[in-house]
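Written below as structure tokens is the structure these notes are about.
The values are calculated or read from the model by the stated rules, or taken from the named source; none is laboratory data. Everything numeric here is computed off the predicted structure, so don't read it as measured data. Every residue, glycine among them, receives a Cβ derived from its backbone with ideal geometry; neighbour counts consider all protein chains shown. To get the accessible areas, we keep the full protein, side chains included, count just its heavy atoms, and leave off ligands, DNA and RNA. Shrake-Rupley method; radii C 1.70, N 1.55, O 1.52, S 1.80 Å.
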Amino acid sequence: MMFNCDKCGLCCANIAGIELYKDLDRGDGVCKYLKDNLCSIYENRPLLCRIDDSWKQFYSSEMTLECFYELNYKGCKKLKEQKKEAEKCS
């Protein structure tokens, strides 16, 4: 089982104010490694950017992998909904 990312780039484009990602923020809430909605350092991306490895390292004693995936999918869905709403207003 692996997290099924559709590579929309929204999670990487919305890191403003998230302490864990402050070193990746290029100053406008977008990851400095996001290029054309893809990670330019994907093979060497930080642990916090790897869902499966982050679960193993930090959350496996707190929740199941399925629960962790569900939380991440919910976050992804929320970002997509926010983008859709913003596009309606522009």
When a/c is below 1.5 the answer is rounded, else prolate if a/b is larger than b/c, else oblate, so apply that to the chain with a ≥ b ≥ c taken from the square roots of the Cα gyration tensor eigenvalues. oblate
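Using the heavy atoms of the protein chains and a 1.4 angstrom probe, tell me the accessible area per residue for the chain in square angstrom.
Values: 6900 Å² over 90 residues.
That works out to 77 Å² per residue.
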If I model a spin label at E62 and C39 as a point 7 Å from the Cα along the Cα→Cβ vector, what separation in nanometres do I get? 1.9 nm
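Kindly flag which residue pairs out of K32/K88; K7/K78; K56/K78; K7/K84; K22/K77; K22/K80 have an alpha-carbon separation exceeding 19 Å in this structure. Write out the running numbers ahead of the final one.
Working: K32/K88 27 Å; K7/K78 15 Å; K56/K78 24 Å; K7/K84 16 Å; K22/K77 23 Å; K22/K80 22 Å.
Checking Cα-Cα distances, K32/K88; K56/K78; K22/K77; K22/K80 exceed 19 Å.
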For the range 75-85, take each phi angle, set θ = phi - 60°, evaluate the Karplus expression 6.51 cos²θ - 1.76 cosθ + 1.60, and give the result in whole Hz per residue in order, putting x for glycine and proline. x, 4, 4, 5, 4, 5, 5, 5, 5, 4, 5
For the chain, which cysteines have no disulfide-compatible partner, meaning no other cysteine Cβ under 4.7 Å? C5, C8, C11, C39, C49, C67, C76, C89
Under the helix-only model (-39500 (n - 2.57) for each DSSP H run of 4 or more, divided by the residues of the chain), the mean residue ellipticity at 222 nm, to 500 deg cm²/dmol, is -10500 deg cm²/dmol
